[in-house]
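Visitor: Okay, here's the structure, questions in a sec.
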Amino acid sequence: MARLTYLTGITTTGTPHIGNYVGAIRPGIAASKDPDTEHFYFLADYHSLAKNEDPEKIARSTLEIAASWMALGLDTDSAYFYRQSDIPEIAELTWILHGMTAKGLMNRAHSYKASVQANVEGGNKDPDKGVMMALYSYPILMAADILMFKAHRVPVGQDQKQHVEMARDIAQRFNHHYGETFVLPEAIIGEDTAILKGLDGRKMSKSYNNTIPLFADEKPLRKLIMKIKTNSLEPGEPKDPSDSTLFDIFKAFATTDETAEIEKRYAEGIAWGEMKQVLFEYINEQIKPARDEYNRLIDDPAEVERTLLKGAERARELSAPFLDEIRHAIGIRRLG
Ligand code: TRP
């Protein structure tokens, strides 16, 4: 039996924030230390086209995300760490999978449906107004990412669960039609505790513009933490940790003992200003060594580039022969 393979992609839109760190990067790096499992982490740069981002932003985000994983200690000699666009076999497989993907399946994708709904609600005559094929076929590219490396488990946020299920449907149909080829993947959804709240108390997300960048320098980090929403209880009044963004974020970084200690201080009525200072100092202390390394890598993009190319080379040792097999299976073959 092949080793259990975990694979996940990170779309190259935006700067990594502490919610990404707690929800994906930290658990991903921790999991990759298990020698009994295989891990694939990649930058889904072609996926970013679905959002029509500015080219400069995509390039910058690619550098920032790669540098973040590296600075936080991902072992890129054991885990596979690459950029989707460096693996041409993924794009080829995407097209092949188009032949096994029902249009009706894509009609049901949440992200596409949300765009249609926005058009309908906005009174547009054309429900597909502004919908590009990159958005519509997004789940097929994602299926190719997953199926190419025979991933068993795909750790994703709740919003991506449907895409992994679609990859499974597509694989199943392919296997049925052409013979056993793909592994059927399964989504793994992070626990709720891993979802961090942002400055305004809603889920921390780039789309809400309420994030705290993971490697913000000390001053901006402090400033942002000071902005986190609290209620109007006065210093000395007991406070409820279960209804406090500051507490949630602290808990996501601290040990159980330290968290219990802060819980006590909430009961004693710690002032919000003081709690913000405690949180700032705690996060800053924890992030500092990685932040120095991150800044070094940002200033040396050639090193990041080398690491990604090395990762792509290793990944292609798997994807190139597998794509040959797949092409053979579908009848695209040498003639003699
Ligand atoms: N679509 C995912 C997201 O936006 C990123 C992604 C692309 C991905 N390809 C993937 C995740 C393959 C898991 C597996 O979060």
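The values are calculated or read from the model by the stated rules, or taken from the named source; none is laboratory data. A quick note: this is a predicted structure, and the numbers were derived from the prediction, not measured. Reconstructed Cβ throughout: ideal geometry from the backbone, glycine too, with neighbour counts over all protein chains shown. To get the accessible areas, we keep the full protein, side chains included, count just its heavy atoms, and leave off ligands, DNA and RNA. Shrake-Rupley method; radii C 1.70, N 1.55, O 1.52, S 1.80 Å.
Visitor: Considering only DSSP states other than H, G, I, E and B, which chymotrypsin sites (Phe, Trp or Tyr not before Pro) in segment 1-58 qualify as loop sites with at most 14 other Cβ atoms within 10 Å?
Guide: Listed in order of number, the matching sites amount to none.
Visitor: Same structure, new question: When the helix-only estimate is applied to the chain (DSSP H runs of n ≥ 4, each -39,500 (n - 2.57), divided by the residue count), what is the mean residue ellipticity at 222 nm, nearest 500 deg cm²/dmol?
Guide: Mean residue ellipticity, 222 nm, calculated: -16000 deg cm²/dmol.
Visitor: Determine the equivalent ellipsoid of segment 97-199 by diagonalising the alpha-carbon gyration tensor, then write out the semi-axes as square roots of 5 times the eigenvalues, largest first, rounded to whole Å.
Guide: They are 26, 22, 9 Å, listed largest first.
Visitor: For residue 259 and residue 317, FRET efficiency with R0 = 45 Å and r from the beta-carbon atoms, rounded to 0.05?
Guide: 0.55
Visitor: Which of the pairs 203/310; 103/150; 57/223; 161/223 have their Cα atoms more than 27 Å apart in this structure?
Guide: Details: 203/310 35 Å; 103/150 24 Å; 57/223 24 Å; 161/223 35 Å.
Table pairs above 27 Å Cα-Cα are 203/310; 161/223.
Visitor: List every residue whose amide H lies under 5 Å from the amide H of residue 203, counting only residues 5 or more places away in sequence or on a different chain, with H placed 1.01 Å from N in the peptide plane.
Guide: Distant-sequence amide H within range of residue 203: 198.
Visitor: What are the ³J(HN,Hα) couplings of segment 223-238, residue after residue, when phi is run through the Karplus curve with 6.51, -1.76, 1.60 and θ = phi - 60°? Round to Hz, x for glycine and proline.
Guide: 4, 5, 5, 5, 8, 4, 5, 10, 8, 9, 5, 7, x, x, 7, x
Visitor: In 10 Å bins starting at 0, how do the alpha-carbon pair distances of the chain split up by percent?
Guide: Percent of Cα pairs in each bin: 5, 23, 30, 23, 14, 5, 1, 0, 0.
Visitor: With contacts defined as alpha carbon pairs under 8 Å and 6 or more residues apart, what's the relative contact order of segment 2-43 in percent?
Guide: Values: 30 pairs, mean separation 31.1, N = 42.
Relative contact order here is 74 percent.
Visitor: Using θ = phi - 60° and the Karplus curve 6.51 cos²θ - 1.76 cosθ + 1.60, what whole-Hz ³J(HN,Hα) does each residue of segment 296-302 get, with Gly and Pro shown as x?
Guide: For segment 296-302, the Karplus-derived couplings read 5, 5, 4, 7, 10, x, 4 Hz, x marking Gly and Pro.
Visitor: Quick one: with all protein chains in place, what share of the accessible area of segment 1-98 is carbon or sulfur, to the nearest percent (1.4 Å probe)?
Guide: With neighbouring chains kept in place, the figure for segment 1-98 is 54 percent.
Visitor: Also: Could you work out how much longer the chain between residue 325 and residue 229 gets when fully extended? Use 0.36 nm per residue separation minus the Cα distance between them, nm to one decimal. Could you put the intermediate results ahead of the total?
Guide: Values: separation 96, 0.36 × 96 = 34.56 nm, distance 5.48 nm.
Extending this stretch completely gives an extra 29.1 nm.
Visitor: Okay, next question. Taking the Cα centre of segment 107-190 as origin, sum charge times position over the Cβ atoms of Lys and Arg (+1) and Asp and Glu (-1), and report the length of that vector in debye to the nearest 20. Present the calculation step by step, with values, prior to reporting the outcome.
Guide: Values: 9 positive and 9 negative charges, 7 e Å.
Around 40 debye, computed over segment 107-190.
Visitor: Still on this model: Normalised by the residues of segment 171-243, what does the relative contact order come to in percent, with Cα pairs under 8 Å and at least six apart?
Guide: Computed value for segment 171-243: 18 percent relative contact order.
Visitor: What is the percent of Cα-Cα separations in segment 158-198 that go past 16 Å?
Guide: 48
Visitor: Tell me the GluC sites (Glu not before Pro) within segment 182-227 that lie in a loop according to DSSP and have at most 16 other beta-carbon atoms within 10 Å.
Guide: 191
Visitor: Continuing with the same structure: Aspartates and glutamates within cross-link reach of residue 51: Cα-Cα under 19 Å, excluding same-chain residues under 8 positions apart?
Guide: Cα-Cα hits under 19 Å: 64, 128, 145, 159.
Visitor: Okay, next question. Considering amide H positions built from the backbone, and no H for Pro or chain starts, which residues 5 or more places from residue 269, or on another chain, come under 5 Å of its amide H?
Guide: 239
Visitor: Can you tell me which of 250-262, 136-148 comes out highest on packing, and rank the rest after it, using the mean Cβ neighbours within 10 Å?
Guide: Peptide ranking by packing, descending: 136-148, 250-262.
Visitor: Where does the charge balance sit around residue 201 when Lys and Arg score +1, Asp and Glu -1, over other residues with C-beta under 10 Å from its C-beta? Could you put the intermediate results ahead of the total?
Guide: Values: positive: 197, 202, 203, 229; negative: 200, 243, 248.
Here the charged neighbours net out to +1.
Visitor: Residue by residue through segment 250-259, what is 3J(HN,Hα) from phi via Karplus (6.51 cos²θ - 1.76 cosθ + 1.60, θ = phi - 60°)? Round to whole Hz and write x for glycine and proline.
Guide: Here the 3J(HN,Hα) series is 4, 4, 5, 9, 8, 6, 4, 5, 5, 5 Hz.
Visitor: Between residue 39 and residues 5 or more places away or on another chain, which pairs have amide H atoms under 5 Å apart, with H built 1.01 Å from N, and which residues are they?
Guide: Here 6, 80 satisfy the definition.
Visitor: Would you work out if segment 204-307 is rounded, prolate or oblate? Take a ≥ b ≥ c from the square roots of the eigenvalues of the alpha-carbon gyration tensor; rounded if a/c is under 1.5, else prolate when a/b is larger than b/c, oblate otherwise.
Guide: Because a/c hits 1.5 or more and a/b exceeds b/c, segment 204-307 counts as prolate.
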